[in-house]
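Report on the structure given below.
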Amino acid sequence: MKLLSTKATCNSHGQDSSYFLGWQEYEKNPYDQVQNPKGIIQMGLAENQLSFDLLESWLAKNQDVAGFKRDGKSIFRELALFQDYHGLPSFKKALVDFMAEIRGNKVTFDPNHIVLTAGATSANETLMFCLAEKGEAFLLPTPYYPGFDRDLKWRTGVEIVPIQCTSSNNFQITESALQQAHEEAKKKNLRVKGVLVTNPSNPLGTTMSKTELNLLIDFIKDKNMHLISDEIYSGFRVGAIYSDNDTVVAAATKMSSFGLVSSQTQYLLSAMLGDKKFTKNYLSENQKRLKKRQKMLVNGLQKASISCLKTNNAGLFCWVDMRNLLSSNTFEAEMDLWKKILYEVGLNISPGSSCHCTEPGWFRVCFANMSEDTLNLAMKRLKDFVSNTNGEECSSDNKRTRSTQASRSFTRKSISNWVFRLSSRDHHEQEER
């Protein structure tokens, strides 16, 4: 008798992707300025560590909240009691107010249309369960976050059909690419239930243009399907689904019982988001710090003769063009380069192939999860690698050129000079070795 389920024994989780393999190698040999200065620097983690001090300062000034108190009295027992899956009303209210505020209060949101989940991973999977059956599909523009192969497909059985985007227009979505993806799904007998995008894009680090947004709206209206906009970056492991579809909200709320946000976390965040002065300052300062750090990365890459996607303007990473470092225009060459950067240079970055990019040589490089000193070291390592690589190529080219010139010279000379020429060439080659 089979003791384990197919799900437990299958290999469809996506853990064997180079995206996750890089993390595993980093964990075996993590960089530390003192303990392991030659270790691998983690540049594959999209995490914002630049403004922790602002959060810590707020917690220090609001010790009642951090200590789960209200008006000086402990509410620990109240928060420790069983909470239903609808979530704390105070947190949902603070969340929709915050969502409106960052949009200039030009729109309003209804707290009854919010479903709380344990992070964006849970939110995306819950939506797949609500919107699609096993064997149906969602369209995703490439390149896309490697974790989607796990988050959207693994347990739900939903398929992903890529919308093939290219560098010719900075990987923006086009009408022809949308239609082509839809036709490709039909050829595979897959019913398309919607389109999912990340905004800011992961891994591009760009926001969607108005043209792209209008294109998507027209497309889903014409095809009568759903549009999911994944707008992540929540460091407290808190996710939220917002929908105007009452049936989706009701179903997702029931499903959220499998991944609830703790009442303690909700209480803390409701107070933090309700502090308008703090959130305004945090958003402004955090944006400045991200912009500065992104500029540091771009400048460091430029010194190594490496460029980024020009439209990069958001997120915690850059989409980096290393096509000039490939030995050939193939994904095999991309993997060879990735392995060199991981094992020889000591940097974990995410290869474009793990993000389903259609063009070899692109990499996602994160910049907000480390100190300035660590980022500077990473750029130095990369610059040295590029310099050494170019130096070796020049040396090889010179050897090939000299060998060719010697061969041509030999064929042009008379046979009477053969012994002298052969001896001279052999001596020359011995010196080169």
With r as the distance between the Cβ atoms of Ile75 and Glu372 and R0 = 35 Å, compute the FRET efficiency 1/(1 + (r/R0)^6) and round to 0.05. 0.30
Local net charge near Ala94, Cβ-Cβ under 13 Å (Lys/Arg +1, Asp/Glu -1): 0
Roughly speaking, to the nearest percent, how much of region 131-259's 1.4 Å accessible area is carbon and sulfur? 46
Out of the DSSP beta bridges found with both residues in the chain, what percent are antiparallel (nearest 5)? 50
Taking Cα atoms only, helix 263-274 is inclined relative to the longest principal axis of the chain by an angle, in degrees rounded to 10, of 90
Value of relative contact order over the chain, rounded to a whole percent, pairs C-alpha under 8 Å and six or more apart: 22
Quote to one decimal, in nm, the extra length available between Glu175 and Ala60 on full extension: 0.36 nm per residue of separation minus the C-alpha distance between them. 36.3 nm
Gained length - Phe52 relative to Ser90, 0.36 nm times residue gap less alpha-carbon distance: 11.3 nm
Roughly how many whole Å is it from the C-alpha centroid of region 96-141 to that of region 221-255? 2
About its Cα centre, the chain carries a charge dipole, from +1 on Lys and Arg Cβ atoms and -1 on Asp and Glu Cβ atoms, whose size in debye to the nearest 20 is 620
Hits among lysines - C-alpha to C-alpha of Lys61 under 18 Å, sequence gap 8 or more where chains match: Lys69, Lys73, Lys276, Lys277, Lys280
Please give the helix 276-303 orientation as an angle from the longest Cα principal axis of the chain, in degrees from 0 to 90, rounded to the nearest 10. 10
Pick out, from Met43, Tyr19, Gln63, the residue whose Cα sits farthest towards the positive end of the charge dipole of region 17-85, with +1 on the Cβ of Lys and Arg and -1 on the Cβ of Asp and Glu. Gln63
Relative contact order for region 102-206: what is it in percent, counting Cα pairs under 8 Å that are at least 6 residues apart? 29
Heavy-atom accessible area per residue of the chain, all protein chains kept, 1.4 Å probe, expressed in Å², is 56
Alpha carbon centroid spacing (whole Å) that separates region 1-34 from region 311-371: 20
Exceeding the 30 Å Cα-Cα cut-off - candidates Lys254/Lys288; Lys38/Lys295; Lys153/Lys383: Lys254/Lys288; Lys153/Lys383
Across the chain, what fraction of all alpha-carbon pairs, as a whole percent, falls in each successive 10 Å bin from zero upward? 4, 17, 25, 24, 15, 6, 4, 3, 2, 0, 0
Mind checking region 35-79 for trypsin sites (Lys or Arg not before Pro) that DSSP puts in a loop (not H, G, I, E or B) and that have at most 11 other Cβ atoms within 10 Å? Lys38
Longest principal axis of the chain (C-alpha) makes with the long axis of helix 18-28 (C-alpha) an angle, in degrees to the nearest 10, of 90
Taking all protein chains together and a probe of 1.4 Å, list Glu78, Glu285 from the most accessible to the least accessible. Glu78, Glu285
I need the calculated FRET efficiency for the pair Gln35 and Ser327, taking r as the beta carbon distance and R₀ as 45 Å, to the nearest 0.05. 0.80
Apply 1/(1 + (r/R0)^6) to the Cβ-Cβ distance of Lys291 and Glu133, taking R0 = 56 Å, and write down the FRET efficiency to the nearest 0.05. 0.85
For region 102-108, just list the computed ³J(HN,Hα) in residue order, Karplus coefficients 6.51, -1.76 and 1.60, θ = phi - 60°, integers in Hz, with x standing in for Gly and Pro. 6, 9, x, 6, 7, 9, 10
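The values are calculated or read from the model by the stated rules, or taken from the named source; none is laboratory data. Keep in mind it's a predicted model, so treat the numbers as computed, not measured. For neighbour counting, all protein chains shown are included, and Cβ atoms are generated from backbone atoms with ideal geometry for every residue, glycine included. Side chains included, ligands, DNA and RNA excluded: accessible areas come from the protein's heavy atoms. Shrake-Rupley method; radii C 1.70, N 1.55, O 1.52, S 1.80 Å.
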